[in-house]
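> I'd like to ask some things about the structure below.
The values are calculated or read from the model by the stated rules, or taken from the named source; none is laboratory data. Here the structure is a predicted model, which is why all the values come from computation and not from measurement. Counting neighbours? That spans all protein chains shown, and the Cβs are built from the backbone with ideal geometry, glycine included. What goes into the accessible areas is simple: the full protein's heavy atoms, side chains included, and nothing from ligands, DNA or RNA. Shrake-Rupley method; radii C 1.70, N 1.55, O 1.52, S 1.80 Å.
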Amino acid sequence: VFQKESFLVNKKFEKFSKANKAAGSIVSFVGKVRPTNNYKKIIDIDIEIYEEMALIQMKKIVLELKKKFKILDYLVIHRFGNIKPHENILLIIVASKHRKDGFRFTEDLVDWLKVKITFWKRENYLRNSKWIEQKKTDRKNIKT
């Protein structure tokens, strides 16, 4: 799900957990806006998205990861728009029989989101702003 609105992690986690009572493990990850980057204070960030393309890309990524890891269910919420420091950007919750599949699915999904989903992110500072480019290290983290 891609959305502008904030979300309450506890409510999403509780609902997901209740719906996945057969799971032996539920893993969650929350990505937040950092207050600083490279010693610059971040006022806010703007995330733009090509939503239709991002949904197609997300489905492909999840299909590939489900071939590698035995998961029972998952939830992904990624925000876009203007987001302030300390606010949530990303929530991933994964239900699996065993924790390793849940952790690995989550870690790989975060790596894929950083390089394969059509997002553009701009950090806004006190006096200027900067579009954030993909890091080479993020691309290296992709496990094919």
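> Quick one: which of 42-55, 123-136, 85-98 comes out on top by average Cβ neighbours within 10 Å, and what's the full order, highest first?
85-98, 42-55, 123-136
> Any idea how far apart LYS15 and LYS136 come out in nm if each label point goes 7 Å out from Cα toward Cβ?
Distance between label points: 4.3 nm.
> Could you give the accessible area per residue of segment 23-65, probe 1.4 Å, as a whole number in Å²?
With all protein chains present, segment 23-65 gives 63 Å² per residue.
> Which part of segment 1-40 falls in the paramagnetic zone of ASN124, meaning amide N under 20 Å from the point 7 Å along Cα-to-beta-carbon?
Answer for segment 1-40: 3-7, 32-40.
> With charges set only on the Cβ (+1 for Lys and Arg, -1 for Asp and Glu), what does the dipole of the chain come to about its Cα centre, in debye to the nearest 20?
500
> Find the relative contact order for the chain and round it to a whole percent, using C-alpha pairs within less than 8 Å whose residues are 6+ positions apart.
Relative contact order comes out at 34 percent.
> Further, regarding this structure: Using a 1.4 Å probe over the heavy atoms of the protein chains, calculate the carbon and sulfur portion of the accessible area of segment 1-129 as a whole percent.
52
> Only one of the listed values, [x] 11, 33, 29, 21, 7, 0; [y] 11, 38, 36, 13, 2, 0; [z] 12, 44, 35, 9, 0, was derived from the coordinates as P(r) over Cα pairs in 10 Å bins from 0, in percent; which label is it?
Looking at P(r) over Cα pairs in 10 Å bins from 0, in percent for this model, the match is [y].
> Along the charge dipole of the chain, Cβ charges K/R +1 and D/E -1, which of VAL27, LEU91, PHE119 sits furthest on the positive end?
Most positive-ward Cα: VAL27.
> Give, in nm to one decimal, the length gained when the segment between TYR39 and LYS84 is fully stretched (0.36 nm per residue of separation minus the Cα-Cα distance).
14.5 nm
> How large is the helix-only mean residue ellipticity at 222 nm for the chain, computed as the sum of -39500 (n - 2.57) over DSSP H runs with n ≥ 4, divided by its residue count, in deg cm²/dmol to the nearest 500?
Helix contribution divided over all residues of the chain: -11500 deg cm²/dmol.
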